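One structure is given below, encoded as structure tokens.
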């Protein structure tokens with residue numbers, strides 16, 4: 001298996017490079033994905049006790065909420081089930097993205113920002 005750069009693509013388009021870009025605040029995507037499909041990193045944060053929503057408060061009964069960093073995948077497609085927002089736009093924001101083996105070995109990563 002050849003893990004070197006794909007023909008015509010620089011070495012910097014590997015998954016390690018893409019992760020670094022995401023942690024720096026950029027959206028990342030694979031060239032093989034559609035135009036409205038990307039990943040971003042949400043850094044750790046603390047949500048003040050007064051701002052924790054009731055859905056979460058059910059499980060965290062008191063105090064602030066310490067949120068660890070995580071990756072989110074966004075996909076905007078008109079055929080995604082349950083993806084119409086109240087504004088009538090299409091899209092799905094899915095926290096907890098984990099790359100596939102194919103994603104980690106791919107050499108076609110890019111930034112969108």
(request) From (1) more than 27 Å from residue 19 (Cβ to Cβ); (2) touching a strand residue (DSSP E or B) at 6+ places or on another chain (Cβ under 6 Å); (3) at pLDDT below 90, pick out the condition that doesn't hold for residue 52. (result) (3)
(message) Considering only residues that are loosely packed, with under 12 Cβ neighbours inside 10 Å and farther than 20 Å from residue 96 by Cα, which ones fall in the stretch 48-63?
(response) 48, 50, 51, 54, 58, 61, 62, 63
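Name the residues in the stretch 84-110 that are within 12 Å of the chain's Cα centre (by Cα) and at pLDDT 85 or above, would you? Before the answer, list the steps.
Taking the stretch 84-110 and keeping what is within 12 Å of the chain's Cα centre (by Cα), we get 92-99.
Selection gives 93, 94, 95, 96, 97, 98, 99.
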(request) Would you please name the residue that is surrounded by the fewest Cβ atoms within 10 Å (Cβ to Cβ), looking only at residues in the stretch 32-47 that are at pLDDT below 95 and in a loop (DSSP other than H, G, I, E, B)? (result) 35
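The values are calculated or read from the model by the stated rules, or taken from the named source; none is laboratory data. Note that the structure is predicted; figures quoted are calculated from it, not measured. With ideal geometry, Cβ positions are generated from the backbone for all residues, glycine too; neighbour counts draw on all protein chains shown.
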